[in-house]
Amino acid sequence: MLLFRTIAGIRCYLAQHQLTKKVGLVPTMGALHVGHLSLIQRARRENDIVIVSIFVNPLQFGPNEDFQQYPRQLQQDSQLCEQAGVDAIFAPTDAEMVGGNNQELMGNGQGNQAPITTTVVPPAAMTSVLCGRSRIGHFQGVATVVTKLLNAIQPERAYFGEKDAQQLAIIRRLVADLKIPVEIVGCPIVREASGLACSSRNQYLTSQQREQAQGLYQGLLQAEKAFRAGECDRTRLVDVVQKKLAKFLDIEIEYIELVDPNTLTPLDKVEDVGLIAIAARLGSTRLIDNVILRNRQPIVAIDGPAGAGKSTVTRLVAEVLGLLYLDTGAMYRAVTWLVLQSGIAVDDAAAIAELVSQCQIRFVGNGKDSISPQIWINGHDVTQAIRSLKVTEQVSAIAALPSVRRELVRQQQSIGKKGGVVAEGRDIGTHVFPDAELKIFLTASVEERARRRYQELINQGQEDVSLEQLQQAIMERDTRDSTRALAPLQQADDAIVIQTDGLSITEVSDRIVSMYHQKLSEPG
Ligand code: AMP
């Protein structure tokens, strides 16, 4: 593993690889813990090169905050990164990142009030709520340094924790507004066994304070429970948290608020989704935590290797549950139809990017009464047309374009906003719907998949292939699918594996349906 202190160094290293390899960046302030490690592991799975930046950013600390005291332990962090398979650490000096020396910035006690660098200012509506109320200038400091990191490293993806929900929302907005070409990946909060969210600042807590600190999550859990029982009103949800926290005498609440997790606008009630966020002090240590409340039916995400029966099973599960079968394949076909229809050459990636960024796909007539929904694109019913030979011939080339994939993932996520969706793919559970309530990884041995395919071909009257040839082809396809740059096959950590050898389609579907009902009946 390499360690770089300068932008010149890391850029030179990346210049040797970046044209062909995907870079994942995990920005941190060091003092790494298992929360950081979860981001690193996710980045490791999804990219060729993983960079962890370690920089205690002076711009994000206020004059009376813990900048001087913040734990700095590069050697220990390096060991953790090395073990986690990180390729390089970027640990710049203050002068390198904020263009001045730290004494000038912090030593005069002015902290982030006197930045001597160009500053990125996110929308006030996002920075003046929650932590922004007491941490004046904090999110400008974060936005400035994150922008610099993204510009210096130009990663394909950057990973941030949902623990810092306000930061995540602001960075998503920043990247969208400034058109920075990076995918921001939000990762779930990692907690200690007690429920306390992992944080570098937990090091400051005495054992008694640590004991009390679990109250934050208990309060949030109580709100989640009330929400699941039908409570959507802000005042009552906040009240539930407050009542629970009152039992933990050392906790000094700074705020408990209900906001929209994307815009951070305060909510009076949860319609589709809400974020309850807390900041509190234990002694002089400031801790934050949050929980997302989603008013939606569950999402079932089914991934797995080719030939494991995903699409047949997914269609059947959706039919039995009366949910939308989100036929992602049909969406790629619809875009292919649109490209062919518009007369754009199938290798004109730029023109296709323009076309797809403006297209609108809809599924019409889903649910129990309609097993096969119609698919519409830009106001045309293309249900039949997308099955044509011409579309079939071109669809994989079109689906391999990053711009097409990006737009369709966005539309799939938008269709899934209210839940009630069953979807299948290679990375539906890890990438498209990482917060799906039920994730299934459907698999079968190579032999079984070859046998099924063989039987299909025999049924179609094609008898000129051998089982061995099919096995070989399936193994090669598996390798290709798991190593491809765009949407590789991935099993989510929290997916339930179903080995389908010897099981019929109905048996597999029955299992998934009963897991779904079990999930629905689980208490919060
Ligand atoms: P920090 O070093 O505190 O700036 O955190 C670096 C990144 O790790 C941020 O994106 C945090 O949101 C994320 N992170 C910190 N703690 C956790 C946690 N307990 N679970 C998940 N992500 C976390």
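Quick look at the numbers
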{"read-out": "The one condition in (1) closer than 19 Å to GLY24 by Cα; (2) surrounded by fewer than 18 Cβ atoms within 10 Å (Cβ to Cβ); (3) within 11 Å of the ligand (Cβ to nearest atom) that GLY186 fails to fulfil", "value": "(2)"}
{"read-out": "Residue under evaluation LEU178, criteria (1) open to solvent by 20 Å² or more (accessible area, probe 1.4 Å); (2) within 13 Å of the ligand (Cβ to nearest atom); (3) not aromatic (Phe, Trp, Tyr), criterion not met", "value": "(2)"}
{"read-out": "Number of the exception - ASN47 against (1) touching a strand residue (DSSP E or B) at 6+ places or on another chain (Cβ under 6 Å); (2) of a type in the set (S, T, N, Q); (3) under 24 Å from HIS138 (Cβ atoms)", "value": "(3)"}
{"read-out": "Enumeration of residues in segment 166-175 that are near the ligand (Cβ under 9 Å from one of its atoms) and open to solvent by less than 20 Å² (accessible area, probe 1.4 Å)", "value": "LEU168, ILE171"}
{"read-out": "Matching residues in segment 327-347 - criterion: being in a loop (DSSP other than H, G, I, E, B), open to solvent by 30 Å² or more (accessible area, probe 1.4 Å) and on the phi < 0 side of the Ramachandran plot", "value": "ILE344, ALA345, VAL346, ASP347"}
{"read-out": "Extreme residue, farthest from the ligand (Cβ to nearest atom), among residues of segment 195-209 that are in a loop (DSSP other than H, G, I, E, B) and touching a Lys or Arg at 6+ places or on another chain (Cβ under 8 Å)", "value": "LEU196"}
{"read-out": "Test for VAL465: is it surrounded by 13 or more Cβ atoms within 10 Å (Cβ to Cβ), at pLDDT 90 or above and out of contact with any strand residue (DSSP E or B) (no Cβ under 7 Å at 6 or more places or on another chain)", "value": "no"}
{"read-out": "Segment 415-440 residues that are under 14 Å from VAL497 (Cα atoms) and among the β-branched types (Val, Ile, Thr), paired with ones that are open to solvent by 50 Å² or more (accessible area, probe 1.4 Å) and at pLDDT 90 or above (beta carbon under 9 Å, 6 or more apart)", "value": "ILE440/ILE496; ILE440/VAL497; ILE440/ARG511"}
{"read-out": "Long-range neighbours under 9 Å by Cβ, at least six apart or interchain, first residue assigned by TED's automatic domain parsing to the domain that holds ILE276 and within 17 Å of SER284 (Cα to Cα) within segment 205-228, second polar (S, T, N, Q) and open to solvent by 40 Å² or more (accessible area, probe 1.4 Å)", "value": "ARG210/SER194; GLU211/SER194; ALA213/SER194; GLN214/SER194"}
{"read-out": "Enumeration of residues in segment 143-156 that are crowded, with 19+ Cβ neighbours inside 10 Å and in contact (Cβ under 8 Å) with a residue 40 or more places away in the chain", "value": "THR144, VAL145, VAL146, LYS148, LEU149, LEU150, ALA152, ILE153, PRO155, GLU156"}
{"read-out": "Residue within segment 430-441 that is under 17 Å from ALA492 (Cα atoms) and of a type in the set (Gly, Ala, Ser) present", "value": "yes"}
{"read-out": "Odd one out for ASP77 among (1) away from the ligand (no atom under 13 Å from the Cβ); (2) at pLDDT 95 or above; (3) charged (D, E, K, R); (4) touching a helix residue (DSSP H, G or I) at 6+ places or on another chain (Cβ under 9 Å)", "value": "(1)"}
{"read-out": "Unique residue being outside the structural domain of ALA176 (by TED's automatic domain parsing) and free of Cβ contacts under 8 Å to residues at least 40 places away in the same chain when the list is LEU245, LEU275, LEU287, LEU282", "value": "LEU245"}
{"read-out": "Enumerated strands (runs of 3 or more DSSP E) restricted to segment 224-311, each holding at least 1 residues that are at pLDDT below 95 and either within 30 Å of ARG426 (Cα to Cα) or open to solvent by 20 Å² or more (accessible area, probe 1.4 Å) (or both)", "value": "273-282, 285-294, 299-303"}
{"read-out": "Tally, over segment 279-295, of residues that are more than 22 Å from the chain's Cα centre (by Cα) and β-branched (Val, Ile, Thr)", "value": "1"}
{"read-out": "Filtered residue count, segment 468-495, keeping only those that are aliphatic (A, V, I, L, M), without any contact (Cβ under 8 Å) to a residue 60 or more places away in the chain and surrounded by 14 or more Cβ atoms within 10 Å (Cβ to Cβ)", "value": "2"}
{"read-out": "Top-ranked residue in segment 15-53 [being open to solvent by less than 20 Å² (accessible area, probe 1.4 Å) and within 14 Å of PRO92 (Cβ to Cβ); ranked as nearest to the ligand (Cβ to nearest atom)]", "value": "THR28"}
{"read-out": "Check on GLN411, within 29 Å of the chain's Cα centre (by Cα), surrounded by fewer than 20 Cβ atoms within 10 Å (Cβ to Cβ) and at pLDDT 90 or above", "value": "yes"}
{"read-out": "Any hit, segment 85-95, residues being among the hydroxyl-bearing types (Ser, Thr, Tyr), within 27 Å of TYR204 (Cα to Cα) and more than 13 Å from the ligand (Cβ to nearest atom)", "value": "yes"}
{"read-out": "Residue in segment 5-14 that is most open to solvent (accessible area, probe 1.4 Å), counting only those that are closer than 21 Å to GLN75 by Cβ and in contact with a helix residue (DSSP H, G or I) (Cβ under 8 Å, 6 or more places away or on another chain)", "value": "ARG5"}
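Residues checked against (1) out of contact with any strand residue (DSSP E or B) (no Cβ under 9 Å at 6 or more places or on another chain); (2) crowded, with 20+ Cβ neighbours inside 10 Å:
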residue	(1), (2)
SER372	no, no
ALA385	yes, no
THR392	yes, no
GLU437	no, no
THR443	no, yes
VAL446	yes, no
ARG451	yes, no
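The values are calculated or read from the model by the stated rules, or taken from the named source; none is laboratory data. This one's a predicted model, so the numbers in the text were calculated from it and none came from an experiment. A quick note on method: Cβ atoms are made from the backbone with ideal geometry, for glycine too, and the neighbour counts reach across all protein chains shown. To get the accessible areas, we keep the full protein, side chains included, count just its heavy atoms, and leave off ligands, DNA and RNA. Shrake-Rupley method; radii C 1.70, N 1.55, O 1.52, S 1.80 Å.
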